1. Between K408, K360, which is surrounded by fewer than 19 Cβ atoms within 10 Å (Cβ to Cβ) and of a type in the set (D, E, K, R)?
2. Just to verify a result, which residue in the range 263-290, among those that are part of a loop (DSSP other than H, G, I, E, B), open to solvent by 50 Å² or more (accessible area, probe 1.4 Å) and in contact (Cβ under 8 Å) with a residue 60 or more places away in the chain, is nearest to I301 (Cα to Cα)?
3. Among the listed residues I218, I310, which satisfies the condition of being over 21 Å from the mean Cα position of the chain (by Cα) and β-branched (V, I, T)?
4. For the range 193-205, state whether one or more residues are of a type in the set (G, A, S), touching a residue at least 60 places away in the same chain (Cβ under 8 Å) and open to solvent by 30 Å² or more (accessible area, probe 1.4 Å).
5. In the range 402-437, what residues are touching a Lys or Arg at 6+ places or on another chain (Cβ under 7 Å) and either under 23 Å from P39 (Cα atoms) or of a type in the set (D, E, K, R) (or both)?
6. Identify, from the list V342, V368, the residue that is of a type in the set (A, V, I, L, M), surrounded by 19 or more Cβ atoms within 10 Å (Cβ to Cβ), under 21 Å from F237 (Cβ atoms) and modelled with pLDDT of 95 or more.
7. Among the residues of the range 28-37 satisfying the criterion of being in contact (Cβ under 8 Å) with a residue 60 or more places away in the chain and open to solvent by 40 Å² or more (accessible area, probe 1.4 Å), which is farthest from L382 (Cα to Cα)?
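The values are calculated or read from the model by the stated rules, or taken from the named source; none is laboratory data. This is a predicted model, so every value here is computed, not measured. Positions of Cβ are generated from backbone atoms using ideal geometry, with glycine treated the same way; all protein chains shown enter the neighbour counts. Surface accessibility is based on the protein's heavy atoms, side chains included, excluding ligands, DNA and RNA. Shrake-Rupley method; radii C 1.70, N 1.55, O 1.52, S 1.80 Å.
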Amino acid sequence: MNLKIEKSNILKERARKIIPSLTGTFSRAATSFVEGVYPVYAKSAHGSHFVDVDGNEYLDYLCGLGPITLGYNYKVVNDAVIKQLEQGILFSLPHPVELELSETMCQVIPHTEMVKFEKSGSNAVTAAIRAARAITKREKIAYCGSGGVWHDWQAAMVSRDGGVPQFNKDLIKIFDYNDADGLEQIFDDNKDEIAAIVLEPTHFEKPQDDFLKKVRKIADRYNTVLVLDEIVTGFRFDLGGAQKYFDIKGDLMCFGKGMGNGLPISAITGPREYMKIFDDLWVSSTNNMEALSMAGSLATIQEMRERNTIAQCWQVGKRLFEGWNKIIEKNNINAKMTGYPVRMESLCYDPSGVESLALKSLIFQEMVKRGIFLSPLGAVYLSYSHSFEDIDKTLEILDDVCKIINEKVSNANYEKLLEGKMPKSIWTMKIQPVKKK
């Protein structure tokens, strides 16, 4: 089965002439998929599905890189945006919706007494870093996360670091998840210099040996601000975020993606004693107060509260997570789904046990040809609009794909069976994590 993607390819060639990297987000570019097989442009979306410009329909497990928590074109959110649009988009004064959304977030997010809005996750975490530096009068950062904050302080650690001042590389220290000893070593090596621990509460690996509690104790011991990067985990793991799910207290918490169901909005939250520093910092932008995204985000959070949507996502996700691994094991494919039912990652291995992007790309190539959209370089997400029927359809197709691969693959010749180009890695880590000496 081959997809017809002629219109996608025509648009791609037009973009190649005028848009760097084909589009404004690396993870959405054709080079991040199996180029030549995957669609390149989407046209419309509804619920758990989207349609490309050639009219092909897909059951989507990338969810716009994670922000789609309720579903595409979700009526309650659309209605709130349309209602606000009739009043206006942006004003010369604050709009009451900013206050309403702030009050709602204070109700649902633990340890939140004040809220400040931004437009992207990168902006929110960078603002929290600036606040931590102002509070502590220190400059260095201890960081543990999956990336995704692309301002100078963090981009210094990755391969796409062109234009980042050299001094930024000296200000960020990396530690591995579940390595509290490595974090301790950072403080030993940089006495009274660490302004903040920036921690993504989880990526795909689960916390072990009280890791999160140890991080909290280290932050307290060294009078360092603990910034929880909840851009992905917020409004996915729990209405109160991974902070509530894992019972860890942050000093500043950063949210984005799922809080707006696709609308461009993010937020920094926390206790008043930390948040009041923003009275004195230049963290301000004209479009931070754009009202459509706030109205949509307020409707998103209210819908989550009223319908308990996150619990439903856990149940549906568990069916996919467990069913995927059973089918993979039954077909003797060297792969597995890891992480959590609400944030998964598919890992594939060659016969020597080395992680294989080629095998993963081959599986996903055959899935997308059959209408199931998964990203070889991205996580696996789902939304409240994903149904058990969606999962059953996905697993049925996966079983067929596994059988096809077993028939065609010999001597691990995965890449030879790709009908397009291998996905290109977006970035690699340049700064190595600190280990206990």
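1. K408
2. It comes out as P264.
3. I218
4. First, pick out the residues of the range 193-205 that are of a type in the set (G, A, S): 195-196.
Applying the additional criterion that residues be touching a residue at least 60 places away in the same chain (Cβ under 8 Å) yields 195-196.
With the extra rule that they be open to solvent by 30 Å² or more (accessible area, probe 1.4 Å), the set shrinks to none.
The answer is no, given that none of the residues of the range 193-205 is of a type in the set (G, A, S), touching a residue at least 60 places away in the same chain (Cβ under 8 Å) and open to solvent by 30 Å² or more (accessible area, probe 1.4 Å).
5. Of everything in the range 402-437, those that are touching a Lys or Arg at 6+ places or on another chain (Cβ under 7 Å) and either under 23 Å from P39 (Cα atoms) or of a type in the set (D, E, K, R) (or both) turn out to be L417, W427.
6. Working: V368 fails: under 21 Å from F237 (Cβ atoms).
Checking each option against the conditions leaves just V342.
7. Step one: of the range 28-37, the residues in contact (Cβ under 8 Å) with a residue 60 or more places away in the chain are 31-37.
In the following step, the residues that additionally are open to solvent by 40 Å² or more (accessible area, probe 1.4 Å) were identified as 31, 36.
Working: T31: 23, G36: 25 Å.
Among those residues, the one meeting the criterion is G36.
Per-residue answers, yes or no, for (1) open to solvent by less than 50 Å² (accessible area, probe 1.4 Å); (2) touching a strand residue (DSSP E or B) at 6+ places or on another chain (Cβ under 9 Å):
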position	(1), (2)
E322	no, yes
D390	yes, yes
I397	yes, yes
E419	no, no
